[in-house]
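J.: This is the structure I want to talk about, given as structure tokens.
The values are calculated or read from the model by the stated rules, or taken from the named source; none is laboratory data. Remember, it's a predicted structure, so these values are computed and weren't measured experimentally. No Cβ is skipped: glycine too gets one built from the backbone with ideal geometry, and neighbour counts run over all protein chains shown. With ligands, DNA and RNA removed, areas are computed over all heavy atoms of the protein, side chains included. Shrake-Rupley method; radii C 1.70, N 1.55, O 1.52, S 1.80 Å.
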Amino acid sequence: MIYDVVVIGAGAAGLMCAAQAGYAGKRVLVLDHANKAGKKILMSGGGRCNFTNLGTTPQHFYSSNPYFCISALKRYRPEHFVELVERHGVEHVEKTPGQLFCATSAKEIVRTLLTECEWAGAEIKLSTQITRVEQQGNAMRLSTSIGKIDAGVVVVASGGLSIPSMGATGFGYDIARQFGLEVFDTRPGLVPFTLSDTWKARAASLSGVSVPVVASAGSRRFVDPMLFTHRGLSGPAMLQVSSVWQPGESLTVDLLPGEDVAESLREARQATPKRQLSTWLTERFPKRLAQALLEWYPDHDPARPLAQYANQALDEWAGRLNAWQLKPAGTEGWRTAEVTMGGVNTDALSSKTFEVKGLPQLRFIGEVVDVTGELGGYNFQWAWASGVACGQSC
Ligand code: FAD
């Protein structure tokens, strides 16, 4: 079998790239070992796929080379993908400002991509194992479970390591290393935190409670909701901060963003000296959390009025609420991570075509590359943009 372009991975980036290369007149084949295309798209955004973010800028991405993503993102913008899905009749909603989701189901996005591939004449073969990729003069040869395939260009769009049960593998990194490319260490990103025994039990007792917070690690801060779970902490704020968190590091969580607790408590003591701290907390937090806070810090006597709190005691509460220090035990890891941090070093790739410098027959796109977005639709926008840039230039 001979093709102009063989794409490894029928995910977001691979399908987008295949359609573009097909429209450019190339004979295109997409191979995937999974039995279904776009499995991650189907499970994304709680089954509704947050397929882009209207506010996408290069600053929403992590990479050892922050400039690499600029060119592709500039050429294929969120409006382009919105135009595509609207042309395919996909209804969408803006849940949080800028974050676009399917109104009905993520299946609509997979349907759109498969239709585009069909219209562009790109073939897709699922349940296909690829055992070897090698250079043959100016072309590439793949050994697969359906036989040998020759390709003018091989595009690696095999994604990252998150959710192995959905077909994620390190195959793309292996190919990169085989051809002498550097692969930066990978680690799970956008992933819930696990806590040590005491805090795990505390979080579990509050499972389902969500509060707006500011979560910080190092110099990065994220203003979003935090969710207590049976295993630890999740919700957008925790997922976001997990991407910048280093194992062993503490997190700082402001449980009352925008309120100077030390000042508020002093004012309350002055204005309503007979009021109890529990009342003050219940006015600000869900009842279960307010109650739990009092139990976590047993220096508190529930019957004591605010008037009997010295400045130092109020400051201690201000520290607990405005700058809660928390040392996660770890994260839930690849099992639930939404993305992979790290990956193929972009220095070896062209930011225009995604080809390996010095080996234009081999290209890497999407999540396998060392470009990872924040939470909110940026990761798919990167998959579309890198897929289009590569596909159009094949
Ligand atoms: P993928 O979409 O992962 O596709 C890779 C493909 O390669 C897969 O089909 C896989 O089967 C195939 N493959 C892997 N190894 C091999 C092999 N050895 N041989 C053959 N084929 C192989 N991002 C957002 O922007 N918005 C969201 O709402 C969102 N929600 C998410 C929710 C979850 C639970 C998860 C896990 C991720 C979410 N993401 C979201 C991230 C987003 O899904 C990824 O960034 C995106 O899918 C990456 O696209 P990709 O094409 O590079 O890789």
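J.: Among the residues of region 225-240 satisfying the criterion of being in contact (Cβ under 8 Å) with a residue 40 or more places away in the chain and either open to solvent by 30 Å² or more (accessible area, probe 1.4 Å) or assigned by the TED database to the domain that holds residue 378 (or both), which is farthest from residue 159 (Cα to Cα)?
T.: 231
J.: Let me ask something additional. In the list 96, 104, 112, which residue meets the criterion of being more than 10 Å from the ligand (Cβ to nearest atom) and modelled with pLDDT under 95?
T.: Unique residue meeting the criteria: 96.
J.: Moving on to the next point. Could you check residue 330 against (1) small (Gly, Ala, Ser); (2) surrounded by fewer than 17 Cβ atoms within 10 Å (Cβ to Cβ); (3) touching a His at 6+ places or on another chain (Cβ under 7 Å) and say which number it fails?
T.: The single condition residue 330 does not satisfy is (3).
J.: Select, from 12, 37, 24, the only residue that is surrounded by fewer than 24 Cβ atoms within 10 Å (Cβ to Cβ), of a type in the set (A, V, I, L, M) and near the ligand (Cβ under 7 Å from one of its atoms).
T.: Residue meeting the stated conditions: 37.
J.: Here's a follow-up. Name the one entry in 320, 275, 269, 304 that is touching a Phe, Trp or Tyr at 6+ places or on another chain (Cβ under 7 Å), farther than 23 Å from residue 205 by Cα, away from the ligand (no atom under 16 Å from the Cβ) and open to solvent by less than 70 Å² (accessible area, probe 1.4 Å).
T.: 269
J.: Report whether or not residue 295 is touching a residue at least 40 places away in the same chain (Cβ under 8 Å) and out of contact with any helix residue (DSSP H, G or I) (no Cβ under 6 Å at 6 or more places or on another chain).
T.: Judged against the criteria, residue 295 is not a match.
J.: Looking at 48, 75, which one is within 14 Å of the ligand (Cβ to nearest atom) and either open to solvent by less than 50 Å² (accessible area, probe 1.4 Å) or not aromatic (Phe, Trp, Tyr) (or both)?
T.: Every option except 48 fails the conditions.
Let's see how each residue does on (1) surrounded by 24 or more Cβ atoms within 10 Å (Cβ to Cβ); (2) in a helix (DSSP H, G or I); (3) assigned by the TED database to the domain that holds residue 197; (4) touching a Cys at 6+ places or on another chain (Cβ under 9 Å):
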{"residue": "347", "(1), (2), (3), (4)": "no, yes, no, no"}
{"residue": "352", "(1), (2), (3), (4)": "no, no, no, no"}
{"residue": "382", "(1), (2), (3), (4)": "yes, yes, no, yes"}
{"residue": "387", "(1), (2), (3), (4)": "yes, yes, no, yes"}
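J.: Do you know which residues across region 278-301 are among the basic types (Lys, Arg) and either at pLDDT below 95 or exposed (fewer than 15 other Cβ atoms within 10 Å of the Cβ) (or both)?
T.: Hits for region 278-301 are 287, 288.
J.: Right, next: Identify, please: which residue in region 1-12 is part of a loop (DSSP other than H, G, I, E, B) and among the small types (Gly, Ala, Ser) and is, among those, nearest to the chain's Cα centre (by Cα)?
T.: 11
J.: I'd like the full set of residues that are within 14 Å of the ligand (Cβ to nearest atom) and either free of Cβ contacts under 8 Å to residues at least 40 places away in the same chain or hydroxyl-bearing (Ser, Thr, Tyr) (or both), limited to region 121-145.
T.: Passing the criteria: 127, 128, 131, 132, 143, 144, 145.
J.: Are there any pairs, at least 6 apart or on different chains, whose C-beta atoms fall under 7 Å, with the first in region 25-52 and over 25 Å from residue 5 (Cα atoms) and the second hydroxyl-bearing (Ser, Thr, Tyr) and more than 8 Å from the ligand (Cβ to nearest atom), and if so, which?
T.: Correct list of pairs: 47/105; 48/105.
J.: Same structure again: With (1) touching a residue at least 60 places away in the same chain (Cβ under 8 Å); (2) out of contact with any strand residue (DSSP E or B) (no Cβ under 7 Å at 6 or more places or on another chain); (3) within 24 Å of residue 20 (Cβ to Cβ) as the list, and residue 118 as the residue in question, which single condition is left unmet?
T.: It fails just one condition, (1).
J.: Next question. Do we have any residue at all in region 129-139 that's of a type in the set (Asp, Glu) and not assigned by the TED database to the domain that holds residue 19?
T.: no
J.: Examine region 60-70 for a residue that is closer than 21 Å to residue 346 by Cα and crowded, with 24+ Cβ neighbours inside 10 Å, and state whether such a residue exists.
T.: yes
J.: I would also like to ask the following. Give the residue, chosen from 277, 326, 256, that is in contact with a strand residue (DSSP E or B) (Cβ under 6 Å, 6 or more places away or on another chain), of a type outside the set (Asp, Glu), in contact (Cβ under 8 Å) with a residue 40 or more places away in the chain and not assigned by the TED database to the domain that holds residue 161.
T.: Of 277, 326, 256, the one residue that is in contact with a strand residue (DSSP E or B) (Cβ under 6 Å, 6 or more places away or on another chain), of a type outside the set (Asp, Glu), in contact (Cβ under 8 Å) with a residue 40 or more places away in the chain and not assigned by the TED database to the domain that holds residue 161 is 326.
J.: Which condition does residue 176 not pass, out of (1) within 20 Å of residue 126 (Cβ to Cβ); (2) more than 10 Å from the ligand (Cβ to nearest atom); (3) of a type in the set (A, V, I, L, M), if it passes all the others?
T.: For residue 176, the failing item is (1).
J.: Then there is this: For residue 307, work out the one condition from (1) assigned to a helix (DSSP H, G or I); (2) in contact with an Asp or Glu (Cβ under 9 Å, 6 or more places away or on another chain) it doesn't fulfil.
T.: Of (1) assigned to a helix (DSSP H, G or I); (2) in contact with an Asp or Glu (Cβ under 9 Å, 6 or more places away or on another chain), only one is false for residue 307: (2).
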